[in-house]
1. Quick one: dipole size for the protein assembly as shown, taken about the Cα centre, charges +1 on Lys/Arg Cβ and -1 on Asp/Glu Cβ, in debye to the nearest 20.
2. For residue C:38, what residues show an amide H to amide H distance below 5 Å, using hydrogens built from the backbone and excluding near sequence neighbours?
3. With contacts defined as alpha carbon pairs under 8 Å and 6 or more residues apart, what's the relative contact order of chain D in percent?
4. I'd like the FRET efficiency for residue C:190 and residue B:80, computed as 1/(1 + (r/R0)^6) with the beta carbon distance as r and R0 of 35 Å, rounded to 0.05.
5. At residue D:152 and residue A:182, where each label point lies 7 Å from the Cα along Cα→Cβ, what is the point-to-point distance in nanometres?
6. Label-to-label distances across copies for residue A:155, with labels 7 Å out along Cα→Cβ, in nm, shortest first?
7. So which trypsin sites (Lys or Arg not before Pro) in segment B:158-226 end up in coil per DSSP with only 15 or fewer other C-beta atoms within 10 Å?
8. Just to be sure I understand: of the beta bridges DSSP finds with both ends in segment D:162-253, what percent are antiparallel, rounded to 5?
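The values are calculated or read from the model by the stated rules, or taken from the named source; none is laboratory data. Predicted model, so just to flag it, every value in this text is computed and none were measured. Because the Cβ atoms are built from the backbone with ideal geometry, glycine has one as well, and the counts that use them run over all protein chains shown. The area values use the complete protein model at the heavy-atom level, side chains included, leaving out ligands, DNA and RNA. Shrake-Rupley method; radii C 1.70, N 1.55, O 1.52, S 1.80 Å.
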4 protein chains.
Amino acid sequence: MTTIDLNADLGEGFGRYRLESDAELLALVSSANVACGFHAGDPLVMRETVSRAVARRVVIGAHPSYPDLLGFGRRDLAASPEEIEAYVVYQVGALAAFCGAHGTKLSYVKPHGALYNRAARDGGAARAIARAIRSVDPTLILLGLDGTSMLTEAAAEGIDVAREAFVDRAYQPDGHLVPRTQPGAVLDDIPSIVERAVRMVTERFVIAIDGTRRIVRPDSLCVHGDGSHAVAIVRALRERFDTLGIDVAPFAR
Amino acid sequence: MTTIDLNADLGEGFGRYRLESDAELLALVSSANVACGFHAGDPLVMRETVSRAVARRVVIGAHPSYPDLLGFGRRDLAASPEEIEAYVVYQVGALAAFCGAHGTKLSYVKPHGALYNRAARDGGAARAIARAIRSVDPTLILLGLDGTSMLTEAAAEGIDVAREAFVDRAYQPDGHLVPRTQPGAVLDDIPSIVERAVRMVTERFVIAIDGTRRIVRPDSLCVHGDGSHAVAIVRALRERFDTLGIDVAPFAR
Amino acid sequence: MTTIDLNADLGEGFGRYRLESDAELLALVSSANVACGFHAGDPLVMRETVSRAVARRVVIGAHPSYPDLLGFGRRDLAASPEEIEAYVVYQVGALAAFCGAHGTKLSYVKPHGALYNRAARDGGAARAIARAIRSVDPTLILLGLDGTSMLTEAAAEGIDVAREAFVDRAYQPDGHLVPRTQPGAVLDDIPSIVERAVRMVTERFVIAIDGTRRIVRPDSLCVHGDGSHAVAIVRALRERFDTLGIDVAPFAR
Amino acid sequence: MTTIDLNADLGEGFGRYRLESDAELLALVSSANVACGFHAGDPLVMRETVSRAVARRVVIGAHPSYPDLLGFGRRDLAASPEEIEAYVVYQVGALAAFCGAHGTKLSYVKPHGALYNRAARDGGAARAIARAIRSVDPTLILLGLDGTSMLTEAAAEGIDVAREAFVDRAYQPDGHLVPRTQPGAVLDDIPSIVERAVRMVTERFVIAIDGTRRIVRPDSLCVHGDGSHAVAIVRALRERFDTLGIDVAPFAR
């Protein structure tokens, strides 16, 4: 039987602010990438998010970022590998403490936004993230972009990796995501998103923005928690997966 | 043989800033209260401080604060117990990760500045801190002001506590510190500081600001890491303790 | 003819976050209290808010706060009068620059949240705010709570003041607001809010939470921009004011 | 008679932290680039710095930065031109308010660190800064790197510009500074720094890192306020300038 994980970014509120779809998404995904305070997610939000994820039996991953609340972690920052490593240790440790406090264990790490994109292209950044993970807890899995050096670098550092694909983002022919600043970067037609997701899981390819076909082998599909259509997309995905007998289950145990 | 711990606040730099006495103090104290990013201490500073403390075999404690870099955590903030609890979990978790990454274990928690003073008077805050500690790691010890509800509340929550006294701060007759905003709050005459410290350890009392005698039973003596005289004070203390056969050793193991 | 100003807190987004009712409220109020970056409101949000207010011919006031994004400026902070004065100069200057850049002039200052409440009770804080206003631009008006020392202190410092009343907040018998942490602090029944507002304007009193009557003489009525009912309340207010021939117009020109 | 301005970065403390050479540098330079809170400089520090500069009759410029206290504004950040423009308006406005409060006027703007370096190469960033300056106060002068598009772009936007050269930084053959991350980027031999400065002013050239000669026409020479030798360098410079009959005076009036 085919199994796939669904992951979404959750707990991306801060102080008085909340992004709205958290509660609904938690009922639909199998893995939650929880913000750790650097691009979103303050201690109260983290506690609340971990607590809800535990109640829903959703597996928890850390979603560390550059320190850039103002830019929601989506702007590249020329931080050194040494700085990146320390930032990841800090954020993963903070979230792990909330997991422990709620009787669960942090399972994986997925870098956020501009840090994720950098790690997909910059070996030094990817290795810094892997070293941080290994030093905090070598059993943590790195969830990263399928087919990029982010995963090979992490594996070379001795970290287990899981591959993800993005159902609502356009791909470049080399397997990288089309940057959000470019037109067509974010997809919003639900039927075609669902179709794309099914192909990723069952036929193991995605059509890049130039029309070429690219092989993907996802352990997990990402749906953006902050997108306006996120809940609708995941609902549609799950319905279709049900029909096709594809089981939704966490990649990490 | 009489044994006493010496603790100091360390790692209180941030970004480009460093407080100067860290390296020297680490050679002199037995326990380091390491800032966790909320009043001072960024991830790089935390890493550097933990690494040095490990090299010096100095026991590491977390020094969590209100989120107030601008005020160095020294201004009271009307945070709720729920907020305080989450802030402490976050900071302790972050520092514990750096300890793990350097092959050591976090041993204790000592709240910083205005949060410390609040916990010494406000049972709700003291219990929030104790709950945070217990939920992250119930073997962590709370280091707090001797003779205050901060310690009794923590003990009632099931947390081990250690008592500290301040060698360079004036005391109120009820055992609380004289606030820094008042004249005479911080002592700077080294011979009388040393005399005071010896009395605390060997005769178990301190003379309060009104001349009354107050019993203290310190497990640890605190010297302020950011004071201009800190290094000179600790040097003088250690010399005198040596002469008197008082052993300096960590209260936590 | 009776005239009253309506003011609301606007521009209280930050980074990726927005509070939703801004655009609608701008069409309904005559004065906008614009966040200045310390409790909400980043430079882009400030620019956007000033630009929209100018387009709507809404008068602009600065809404300075304690530096507490995490607590949305709603938690008291033991900042010194000297610190408060510097914080207000900084925030007012920053917003004034956006006003100038959009061809308008900043008209007034209304402190936010916990700083507002402190200024209503603490003469030292009220004078610090008044000194800050005077030093930046002595023609700026302080908008503050009717009947409190906040206004008398400012007037004594030579600052023009305007009095405001809160249509959706319960009053204590001494004219102060019931703190948000207490039950009944925020009113939500629109018909009774409207009734209350009409009485404030035409009969010049409000019924305090203990049933006693308190005189008010508002130049402006405040509706909370971040309340879920804010838009509905202002709509209902304006409708009723229209019927009664009460003109809505800015207190500042 | 030859005249030259000397400028230094001042007011780069934050909260409890201070960089040490401020008071001495203020006695030696003719223009002060004052930090505005984004990479350093909180409201109290800004007030203190402006007050001292006024007392010393030192001309005041704003020193706006990317929002990166953690990195001291020295790391490039992929902020959009729109964001940069808003950041500069905000910071310039805040500092201008402190100038007004101390009876003086802000005279110029010099971007800090990574923002400065970006503006020297990226026309979009340079124009954003110029637009910000023009919108706040079109009489403000942009102080920027001699021979770069930073100045031509600003001039094209209608802003007056002043050219600066760096006495203690190595140059690339194209007139840009050698990045701090590269060896040899910062010079520290005082006699050769002085020689270099004299040549810049009297012979109008600098020897780049590859040995080639590059023309410079500085209105101002920059000495880094945070360098350990800063005070010694400026002292030596002034002494030599005195001997040569070169007058030190602000470029802005």
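1. Taking the Cα centre of the protein assembly as shown as origin, the dipole is about 0 debye.
2. C:65
3. Relative contact order comes out at 22 percent.
4. It comes to 0.75.
5. 3.0
6. 5.6, 5.7, 7.7
7. Of the trypsin sites (Lys or Arg not before Pro), the ones in loops of segment B:158-226 whose Cβ has at most 15 other Cβ atoms within 10 Å are B:180, B:204.
8. Of those bridges, close to 60 percent are antiparallel.
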